[in-house]
Amino acid sequence: MIYPRSPPHIVLIILSLLAVAYHINGLDNGLARTPPMGWLSWERFRCNTDCEGDPDNCISENLFRTMADLVVSEGYAALGYEYINVDDCWLEKSRGPQGQLVADRKRFPRGMRSLSDYVHSKGLKFGIYEDYGNYTCAGYPGIIGYGRSDAQQFADWNVDYVKLDGCYSLPLDMDQGYPEFGRHLNSTGRQMIYSCSWPVYQIYAGISPNFSSIIEHCNLWRNYDDIQDSWASLETIIDYYGNNQDAIVPNAGPGHWNDPDMLIIGNFGLSYEQSKTQFALWAIMAAPLLMSVDLRTIRPEFKAILQNQKIIAVDQDPLGIQGRRIYKHKGIEIWSRPITPIYQTYYSYAVAFVNRRTDGTPSDVAVTLRELGLQSPTGYRVEDLYEDVNYGILSPNTKIKVKVNPSGVVILSAHVQPERITRTTYNPLNYYHVK
């Protein structure tokens, strides 16, 4: 996360330093062949350590055990949400007498190995947070000087996922430090997903990240700001990924993903339509699906978004091709992602029509499949993934007309067909209306 208490003078310091070339081994952990899915504490629960005044919502072992229970009992785990990830503020303010990391003794009285065992007993996987710096963003001990022993401690706790933040560190050192910690994780012999904040801190410092190295050493990484619980925050992330897609999209693929940050669906800041938009675009962007919501109180309509199996399937498509924004004009955007199945040289596609307008009325968008880049002469079976409507097999010349609510989305799948379309399947003079 990018935390507001980071030292304001750090940029001035790092600009005076020189990078150090350092050769290390790659991550090579065989994990995250599709984007990770799970639950993460940060956006919803932040650094609430007041377990006396707010015991139900503080960062504690009870919170994570409860969320693990609900991920299973409420059906999320069956759909692929498998990681229960602790974020910042789980530590004591100082290390133990042998330099070891120590979980807060009051909030995690049974320790992290016990919590990990509980998560695993539910058939889930356990994730943890640390920082490549002297301190975490909230001021707890960082890994500087302890990388090897911390990696081994995580392995001893049977950790499955490590998120390494970048507060209180020098961005120029990250080209050495992040790969080095990945090597320490590898050397433990335990497979752990490695989530890096490496590029975002360098971008803020005016440094061009070495994405070849980032792809080699990290399973996923942050490029941009922390998401906040608001539509305005979500829009800035959408714009960043759309405006910079030529540099961002080619870096994604099985085992290595761009991470636009957590899903805030079901919290306070997004409407129902906006929540649908986030989930659809995260799937188009092949993003990790890490919920950060109170699963005890989430309303059914938001739960249904998070559990939309057809959109999850788009996100988890095995090709691992990140989608792109292919159209933007007067508040209307179209995003498209190649997916399976493939027939001959033709991909199938997921296509999202997004209405960024706020003028109070739905907008109509009419376009042929061919204009979307769908050109297979055998046609495409088109389906609305939120409304669960199948529109049959359509020709590339067929014009579809979608009606998109303000700040909302329509997401379609178009699966290429293996046999040529017949003349009677469609009328190219008619619209296919998608509500």
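A single member of P254, P209 is surrounded by fewer than 23 Cβ atoms within 10 Å (Cβ to Cβ), closer than 21 Å to V162 by Cα and in contact with a Lys or Arg (Cβ under 6 Å, 6 or more places away or on another chain), and it is P254. For S233, the stated conditions hold: it is within 30 Å of E273 (Cβ to Cβ), open to solvent by less than 20 Å² (accessible area, probe 1.4 Å) and of a type in the set (S, T, Y). Taken over region 122-158, the criterion of being of a type in the set (G, A, S) and either more than 25 Å from the chain's Cα centre (by Cα) or over 15 Å from M67 (Cβ atoms) (or both) is satisfied by G133, A138, G139, G142, G145, G147, S149, A151, A155. Residues of region 392-408 that are open to solvent by less than 10 Å² (accessible area, probe 1.4 Å), assigned to a strand (DSSP E or B) and under 22 Å from A283 (Cα atoms): I400, V402, V404.
For region 264-278, the criterion of being open to solvent by less than 10 Å² (accessible area, probe 1.4 Å), over 22 Å from Y83 (Cβ atoms) and touching a strand residue (DSSP E or B) at 6+ places or on another chain (Cβ under 9 Å) is met by at least one residue. Kindly indicate whether any position in region 198-218 is in a strand (DSSP E or B), under 24 Å from W39 (Cα atoms) and aromatic (F, W, Y). Within region 198-218 (the criterion being in a strand (DSSP E or B), under 24 Å from W39 (Cα atoms) and aromatic (F, W, Y)), the answer is no, since none of the residues qualifies.
Checked against the criterion of being in contact with a Cys (Cβ under 8 Å, 6 or more places away or on another chain) and open to solvent by 20 Å² or more (accessible area, probe 1.4 Å), the candidates K93, K125, K106 yield just one match: K106. Note on region 212-221: residues that are without any contact (Cβ under 8 Å) to a residue 40 or more places away in the chain and open to solvent by 10 Å² or more (accessible area, probe 1.4 Å) total 2. Would you say L295 is in contact with a helix residue (DSSP H, G or I) (Cβ under 8 Å, 6 or more places away or on another chain), open to solvent by less than 20 Å² (accessible area, probe 1.4 Å) and either closer than 18 Å to L79 by Cβ or among the aliphatic types (A, V, I, L, M) (or both)? When the stated conditions are applied, L295 passes them.
Figure legend. Inter-residue proximity from region 182-203: first residues open to solvent by 60 Å² or more (accessible area, probe 1.4 Å), second residues modelled with pLDDT of 95 or more, beta-carbon distance below 6 Å, spacing 6+ or different chains. Indicated pairs: R190/A155; Q191/L31. Of the residues making up region 409-433, those that are at pLDDT 95 or above and either aromatic (F, W, Y) or surrounded by 21 or more Cβ atoms within 10 Å (Cβ to Cβ) (or both) are V409, V410, I411, L412, S413, A414, V416. Each residue in region 55-90 was checked for being open to solvent by less than 30 Å² (accessible area, probe 1.4 Å), assigned to a loop (DSSP other than H, G, I, E, B) and within 25 Å of Y140 (Cβ to Cβ), and 8 of them qualify.
Filtered by the rule that a residue be more than 16 Å from N29 (Cβ to Cβ), open to solvent by less than 10 Å² (accessible area, probe 1.4 Å) and in a strand (DSSP E or B), region 128-171 gives Y129, E130, D131, D165.
Among the residues of region 67-105, those that are in contact (Cβ under 8 Å) with a residue 60 or more places away in the chain and under 19 Å from M37 (Cβ atoms) comprise M67, L70, V71, E74, G75, Y76, L79, G80, Y81, Y83, N85, D87.
Of the residues contained in region 351-372, none is found to be of a type outside the set (A, V, I, L, M, F, W, C), open to solvent by less than 70 Å² (accessible area, probe 1.4 Å) and closer than 27 Å to T34 by Cβ. Pairing residues of region 106-118 that are among the hydroxyl-bearing types (S, T, Y) with residues that are open to solvent by less than 70 Å² (accessible area, probe 1.4 Å) and in a helix (DSSP H, G or I), at Cβ distances under 7 Å and at least 6 apart in sequence or on separate chains, gives Y118/R65; Y118/A68.
The values are calculated or read from the model by the stated rules, or taken from the named source; none is laboratory data. Here the structure is a predicted model, which means the values were calculated and not measured. As a convention, Cβ positions derive from the backbone with ideal geometry for all residues, glycine included, and neighbour counts pool all protein chains shown. Quick note on the areas: whole protein, heavy atoms, side chains included, nothing else; ligands and nucleic acids left out. Shrake-Rupley method; radii C 1.70, N 1.55, O 1.52, S 1.80 Å.
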